[in-house]
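Structure record follows, encoded as structure tokens.
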Amino acid sequence: MKVVLREVHDSDLPVFFRQMNDPEAALMAAFTVRDPADWDAFDAHWKRIRASSDVVNRTVLADGDVVGSAAVYGEPGEREVTYWIDRAYWGRGIATRALRALLTEVPERPLYARAAADNAASRRVLEKCGFRVTAHARGYANARGAEIDEVVLTLDG
């Protein structure tokens, strides 16, 4: 399966919206928006981040199909990576390949990532790409309606 990143197109947004509204994927991700079914908030968020010069947003394609997104955002020295892969494509190495491609495109270091402590698959993706757990925290997870444990991972130069 060929995995590539490209600029986000308007036609990708309905796919991302559908992916965010997958209840099982949202529970795994945990740290989601308050109301993933609010199209207006979703649209406003994407307009803001697509207009920002501080955010690197990419659509993840697998064999030409839109299967997710990957991004780097935040202030210099505190920038974080994030990604979302459609649940139908989990377990195929797509997230790892997409993140590696993003890290090649954005060479600045350090970079950070956060994951629910019980999201072993996401931790594995990050660790395969060189991130190491550097802290533990707690945060409110909208998708779970509770404060949960999370890990903070760092990718150094």
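Regarding E105, is this residue acidic (D, E) and exposed (fewer than 14 other Cβ atoms within 10 Å of the Cβ)? In short, yes.
Among the candidates A25, A29, A70, single out the residue that is of a type in the set (G, A, S), on the phi < 0 side of the Ramachandran plot and out of contact with any helix residue (DSSP H, G or I) (no Cβ under 7 Å at 6 or more places or on another chain). So that I can check it myself, show each step before the final result.
Values: A25 fails: out of contact with any helix residue (DSSP H, G or I) (no Cβ under 7 Å at 6 or more places or on another chain); A70 fails: out of contact with any helix residue (DSSP H, G or I) (no Cβ under 7 Å at 6 or more places or on another chain).
After ruling out the rest, the residue left standing is A29.
Considering every residue within segment 126-137, establish whether at least one is at negative phi and touching a residue at least 60 places away in the same chain (Cβ under 8 Å). Looking for residues that are at negative phi and touching a residue at least 60 places away in the same chain (Cβ under 8 Å), one finds none in segment 126-137, hence no.
Count of segment 8-19 residues, restricted to those that are crowded, with 17+ Cβ neighbours inside 10 Å and either in contact with a Leu (Cβ under 9 Å, 6 or more places away or on another chain) or under 21 Å from A141 (Cα atoms) (or both), is 2. Would a scan of segment 131-144 turn up a residue that is farther than 14 Å from T82 by Cβ, open to solvent by 40 Å² or more (accessible area, probe 1.4 Å) and aromatic (F, W, Y)? Yes, because at least one residue in segment 131-144 is farther than 14 Å from T82 by Cβ, open to solvent by 40 Å² or more (accessible area, probe 1.4 Å) and aromatic (F, W, Y).
Taking L27 as the residue in question, decide whether it is over 13 Å from the mean Cα position of the chain (by Cα) and under 19 Å from R92 (Cβ atoms).
Values: over 13 Å from the mean Cα position of the chain (by Cα): yes; under 19 Å from R92 (Cβ atoms): no.
Here the answer is no, as L27 does not meet what is asked.
Those strands (runs of 3 or more DSSP E) of segment 61-157 in which at least 1 residues are over 13 Å from the mean Cα position of the chain (by Cα) and β-branched (V, I, T), considering only elements entirely within it, cover 65-73, 132-141, 146-155.
Answer yes if at least one residue in segment 88-101 is over 30 Å from S11 (Cβ atoms), open to solvent by 30 Å² or more (accessible area, probe 1.4 Å), in contact (Cβ under 8 Å) with a residue 12 or more places away in the chain and among the hydroxyl-bearing types (S, T, Y), and no otherwise.
To start, the set of residues in segment 88-101 that are over 30 Å from S11 (Cβ atoms) comprises none.
Within segment 88-101, none of the residues are over 30 Å from S11 (Cβ atoms), open to solvent by 30 Å² or more (accessible area, probe 1.4 Å), in contact (Cβ under 8 Å) with a residue 12 or more places away in the chain and among the hydroxyl-bearing types (S, T, Y).
One residue stands out in segment 20-73 among those that are without any contact (Cβ under 8 Å) to a residue 60 or more places away in the chain, within 24 Å of P107 (Cα to Cα) and among the polar types (S, T, N, Q): the one that is most open to solvent (accessible area, probe 1.4 Å), namely S53.
The values are calculated or read from the model by the stated rules, or taken from the named source; none is laboratory data. Fair warning: this is a prediction, and the values are worked out from it, not measured in the lab. Glycine also receives a Cβ, built like all others from the backbone with ideal geometry; neighbour counts cover every protein chain displayed. Accessible surface areas use protein heavy atoms only, side chains included; no ligands, DNA or RNA. Shrake-Rupley method; radii C 1.70, N 1.55, O 1.52, S 1.80 Å.
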